């Protein structure tokens with residue numbers, strides 16, 4: 001089945017709306033438990049997907065000034081969520097990596113999201129919930145393709 005531009009647009013709109021709604025609904029409780037300022041949250045979102053970026057690379061990828069990213073990185077480092085490591089080929093460059101503490105916090109958030117999503121899915125028909133869960137492989141593939149396109153700039 002060929003996807004029409006209209007179908008693709010409708011999918012993009014729904015996914016965008018969900019991306020906006022999920023942190024405010026199923027993610028709200030976890031966000032209150034371990035709050036992060038918006039820039040710090042964006043830094044962590046990027047670095048959990050693609051660790052090893054420099055401050056300047058992170059700034060360019062999330063569209064924030066390098067000094068704001070640097071401030072967020074310092075806050076995250078003070079909270080034990082990020083570690084700086086010297087680049088192996090260029091000692092002048094520092095690479096940023098989420099710590100074990102950051103990965104544990106992410107796992108707690110994801111568990112909380114799962115509980116809240118299960119409750120939300122229970123409001124749908126069994127067939128609708130099954131179709132949504134069945135779409136996971138395709139959605140993961142789409143997310144990977146979009147992340148690859150983002151990385152290429």
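Read-outs throughout are calculated quantities, based only on the coordinates presented, and are distinct from any laboratory measurement. As the structure is a prediction and not an experimental result, all values here were calculated from the model. Cβ: placed from backbone, ideal geometry, glycine included. Neighbour counts: every protein chain shown.
Can you give me the angle between helix 38-49 and the longest principal axis of the chain, using Cα atoms only, in degrees from 0 to 90, rounded to the nearest 10?
Helix 38-49 sits roughly 80 degrees off the main axis of the chain.
So if each residue of separation counts as 0.36 nm, and I subtract the Cα-Cα distance between residue 17 and residue 141, what length gain in nm does that give?
Contour length minus the Cα-Cα distance gives 42.7 nm.
Using alpha carbons only, how many degrees (0 to 90, rounded to 10) separate the axis of helix 100-121 from the longest principal axis of the chain?
10
So I have (1) 17.6; (2) 16.5; (3) 15.3, and one of them is Kirkwood radius over Cα pairs in Å calculated from this model. Which one is it?
Recomputing Kirkwood radius over Cα pairs in Å here gives the entry labelled (1).
Could you put 95, 79 in order, starting from the residue whose Cβ has the fewest other Cβ atoms within 10 Å?
Ranking 95, 79 by Cβ neighbours within 10 Å, fewest first, gives 79, 95.
If each residue of separation counts as 0.36 nm, what is the full-extension length gain between residue 92 and residue 107 once their alpha-carbon separation is subtracted?
Extra length from residue 92 to residue 107 when fully extended: 2.1 nm.
Using only the alpha-carbon atoms, how far is helix 5-24 inclined from the longest principal axis of the chain? Give it as 0 to 90 degrees, nearest 10.
Value to nearest ten degrees: 60.
Grab the DSSP H runs of the chain that are 4 residues or longer, score each as -39,500 (n - 2.57), total them, divide by all residues and round the 222 nm result to the nearest 500 deg cm²/dmol. Provide the component values of the computation, followed by the final result.
Values: 8 runs with 107 residues, N = 153.
-22500 deg cm²/dmol, from helical runs alone.
Connecting C-alpha atoms closer than 10 Å in a GNM of the chain, tell me which of 46, 136, 121 has the biggest fluctuation.
Of the options given, 136 has the highest mean-square fluctuation.
For residue 118 and residue 84, what is the calculated FRET efficiency with R₀ set at 41 Å and r taken between the beta-carbons, to the nearest 0.05?
For R0 = 41 Å, the calculated efficiency reads 0.65.
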